[in-house]
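Data block below; observations after.
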Amino acid sequence: MIFERDAYEIADSIRAEELSSVEVLEHYLLRIEHLDPQLNAICDIDVERARDQARAVDSRIAAGDDPGPWAGVPMGVKELASARGLSATHGSLLYAGERADHDDSEVARLRAAGAVIVAKTTSPEFGSVNWTRTHIHGTTCNPWDVERTPGGSSGGSAAAVASGMLPICTGSDGGGSIRIPSAYSGLFGYKSTFGLTGSAPGPFDSSLTAVPGPVARSVRDAARYIDVIAGPTNVDPTSLAKPAPFEPQLLDGTAVAALRGRRAAWSATLGHAIAEPDIVAAARAAAVALCDDAGIELVDIDVSMPNPARAWGILSGLAMAADHGERAAGRLDELTPVVRAGIEYSARIKADDVVRALRRRADTLAAIGAVFDQVHYLLTPTVATLAFAAGGPPPRIIAGVDGGGMGTVPFTAPFNVSGQPAVSIPCGFSVDTTGDHESQPLPIGLQVVGRRHDDIGVLACGLVAERARPWPKLAPMATR
């Protein structure tokens, strides 16, 4: 079946005229119609415009033209990004009814590479939490267990990809928002080095933490995706020069071979985090296996860094208030609780608070730098718990104690602060017995963090794991 193929294979089949773009689109439109009522992952769809895009791709191929590496592949765009003609609500009632009149640079580059932009996928309001429930779109569910969340903030994209409603979607990651839903939904999650993909036309991310990227099922999908969207823009002063393409380095074996002899460390705490024992056990076993398979030396070093929760929260909150605070004035009752609390708190922040946050960020960077002076890779669990109730909030008690700080997601945000590349690799399953009913088997993720600019290295780690211990590419719901 078409939906069982990854986006990479679909694109190459369309380019080879083994499939048509129109045929593929209609296949996925039927799947959305069938599955989304149970998942609520799609918040806007433009069928006729998508059909026009698909027909244009097929016409170009028939004329002997190559539409690009994503020829005819249907894609969903996370609600926080702009896609011309589709909704632009940012998951908020404050922007209800608004539609984008332009494409963000990421979406524009995907279109130029032949992608068919079909729909917008749900996100928590302004990407503020790690579950996907809003006043404007309702609750999005996990296709592994519809009573559970697919995570956030790229929750709709994760649910759409894991269920086979779409082969690949856009995401963004400012504190774990690609890696977290990937871990909860059994997907490969990739956060690139900060600046690798320049943003335009804006707004500029003043928190200096968020990056766009793919929500994907396979490593080769993620590599091709970033090859397409990477590169600078004239608007973004933090954007970097486009690197050599990752896809050929992965598929010809050179990137995997380069892992041999490198060093990695494991940490289940980062000096402050708490995770459920079954999560730690599965991720630790996967870390050891990955190092064995890749020829990486796993070394024992002290991994301890300041808890970034307060500093990350202040700086991210100020960025959110800068982008949306004026629109929220007099309309706080329309906001979800976390966003309202964040905007109200931002109004009370003093200069001393910002200075302390910047100093804590500097301390965090120094501690992370000390770790990566000794190793090439740091391996941790991606998240501290299994996927929790779809409507949230996340559990406060983890492994029998108060999780505090970053709660269920203490492992991801430090590396948004440092701007380093990181991936979440599916590495097993467990059953949650703490709720009202025993869950279905739920996915667990292993996080691999690399030195800044070593994106090819963390992708290669993902490829080693994928080849040695393949993970299910779809949730069971996809085949029902």
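The values are calculated or read from the model by the stated rules, or taken from the named source; none is laboratory data. In this text, all values refer to a predicted model and were calculated from it rather than measured experimentally. No Cβ is skipped: glycine too gets one built from the backbone with ideal geometry, and neighbour counts run over all protein chains shown.
So here's what we get for this one:
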quantity	calculated
Only one of 363, 373, 402 that is modelled with pLDDT under 95 and either more than 23 Å from the chain's Cα centre (by Cα) or among the aromatic types (Phe, Trp, Tyr) (or both)	402
Among (1) in a helix (DSSP H, G or I); (2) touching a residue at least 60 places away in the same chain (Cβ under 8 Å); (3) under 23 Å from residue 207 (Cβ atoms), the one test that residue 380 misses	(1)
Qualifying residue in region 69-86 (condition: in a loop (DSSP other than H, G, I, E, B), acidic (Asp, Glu), over 25 Å from residue 140 (Cα atoms) and at pLDDT 95 or above)	no
Single residue of 13, 21 found to be farther than 20 Å from residue 158 by Cα and surrounded by fewer than 20 Cβ atoms within 10 Å (Cβ to Cβ)	13
Some residue of region 470-478 being more than 15 Å from the chain's Cα centre (by Cα), surrounded by 18 or more Cβ atoms within 10 Å (Cβ to Cβ) and charged (D, E, K, R)	yes
Residues satisfying the stated conditions in region 414-432, i.e. in a loop (DSSP other than H, G, I, E, B) and closer than 21 Å to residue 226 by Cβ	418, 419, 420, 421
Check on residue 157, in a loop (DSSP other than H, G, I, E, B) and either in contact with a Gly (Cβ under 6 Å, 6 or more places away or on another chain) or without any contact (Cβ under 8 Å) to a residue 40 or more places away in the chain (or both)	no
Residue check for residue 196: farther than 30 Å from residue 474 by Cβ, touching a strand residue (DSSP E or B) at 6+ places or on another chain (Cβ under 9 Å) and among the aliphatic types (A, V, I, L, M)	no
Extreme residue, farthest from residue 154 (Cα to Cα), among residues of region 24-51 that are of a type in the set (Val, Ile, Thr) and in a helix (DSSP H, G or I)	24
Index of the failed condition, residue 330 passing every other in (1) among the small types (Gly, Ala, Ser); (2) in a loop (DSSP other than H, G, I, E, B); (3) in contact with a helix residue (DSSP H, G or I) (Cβ under 7 Å, 6 or more places away or on another chain)	(3)
Leading residue by the ranking (modelled with the lowest pLDDT) among those in region 408-435 that are surrounded by 17 or more Cβ atoms within 10 Å (Cβ to Cβ) and over 18 Å from residue 178 (Cβ atoms)	432
Any hit, region 254-273, residues being more than 22 Å from the chain's Cα centre (by Cα), surrounded by fewer than 21 Cβ atoms within 10 Å (Cβ to Cβ) and on the phi > 0 side of the Ramachandran plot	yes
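Yes/no per residue for (1) surrounded by 21 or more Cβ atoms within 10 Å (Cβ to Cβ); (2) touching a helix residue (DSSP H, G or I) at 6+ places or on another chain (Cβ under 7 Å); (3) over 30 Å from residue 265 (Cα atoms):
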| position | (1), (2), (3) |
| --- | --- |
| 305 | yes, yes, no |
| 309 | no, no, no |
| 316 | yes, no, no |
| 322 | no, no, yes |
| 326 | no, no, yes |
| 334 | no, yes, yes |
| 340 | no, yes, yes |
| 346 | no, yes, yes |
| 349 | no, yes, yes |
